Amino acid sequence: MSESKTDSGDWAANSTKNTVRLGLWTFAWVGTMAIAAFGPRFVWDFATLPTILGVLVNLGVGIGMIMANKRYLQGLDEMQQKIFLDAGAITLGVGLVFGLSYELLEDIRLIPFQPEIPHLVMLMSLTFLIAMIAGHRKFQ
């Protein structure tokens, strides 16, 4: 009986550790993205070397965030993995279908402005959030 408590406690501790690790990597990635995006304009006047370094650091931290996300997903139980993977699949589909359609609107001159990636990122973020909430409600 104490073995199952220990296993449960280890799983909970590991899950918390993976969640915190993912949060820290995500926060670091957002920070390096801000530096890479705003540094050239406001700090180093578009100097090439710091700009390249900023982008490379952002890519490196982004890879760390991806690996932390993979470790987080591997640490989930089967139901949580299913919810996460279903939400990811829906998000990928929405991003692909709506992203390409959004780009097409400008190409065929149905919108007068150029589509922006942040619009797609917001759509995908909201899609993932809604799909995760719906998945959790489905299995309650």
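For the chain, the fraction of 1.4 Å probe accessible surface lying on carbon and sulfur atoms is 71 percent. Electrostatic bookkeeping for Phe98 treats Lys and Arg as +1 and Asp and Glu as -1; over the other residues with beta carbon under 14 Å from its beta carbon, the sum is -3. For segment 88-140, a Kirkwood hydrodynamic radius built from all Cα pairs, placed in the Stokes-Einstein relation at 4 °C and 1.567 mPa s, yields a translational diffusion coefficient of 107 µm²/s. Surface analysis of the chain yields an accessible area of 74 Å² per residue, using protein heavy atoms and a 1.4 Å probe. Our helix-only sum for the chain, with -39,500 (n - 2.57) per DSSP H run of n ≥ 4 divided by its residues, gives a mean residue ellipticity at 222 nm of -31000 deg cm²/dmol.
With everything on Cα atoms, drop me the angle between helix 2-42 and the longest principal axis of the chain, reported from 0 to 90° to the nearest 10. Helix 2-42 sits at roughly 10 degrees to that axis.
Between Leu104 and Asp86, full extension at 0.36 nm per residue minus the direct alpha carbon distance yields a gain of 3.8 nm.
With q set to 0.13, 0.18, 0.21 Å⁻¹, the log10 of I(q)/I(0) for the chain, from the Debye formula over equal scatterers at the Cα positions, is -0.80, -1.16, -1.26.
Full extension of the chain between Val43 and Glu116 yields a length gain of 23.9 nm, computed as 0.36 nm times the residue separation minus the alpha carbon distance. If you take the Cα centroid of segment 97-115 and the Cα centroid of segment 14-65, the two points sit 29 Å apart. Here the dipole of the chain is about 220 debye; that uses its Cα centre as origin and unit charges on the Cβ of Lys and Arg (positive) and Asp and Glu (negative). When the P(r) is computed for segment 20-84, the part past 15 Å accounts for 57% of the Cα-Cα pairs.
The values are calculated or read from the model by the stated rules, or taken from the named source; none is laboratory data. A quick note: this is a predicted structure, and the numbers were derived from the prediction, not measured. Using ideal geometry, Cβ is built from the backbone for each residue, glycine included, and neighbour counts are taken over all protein chains shown. Protein only, heavy atoms only, side chains kept; ligands, DNA and RNA dropped before computing areas. Shrake-Rupley method; radii C 1.70, N 1.55, O 1.52, S 1.80 Å.
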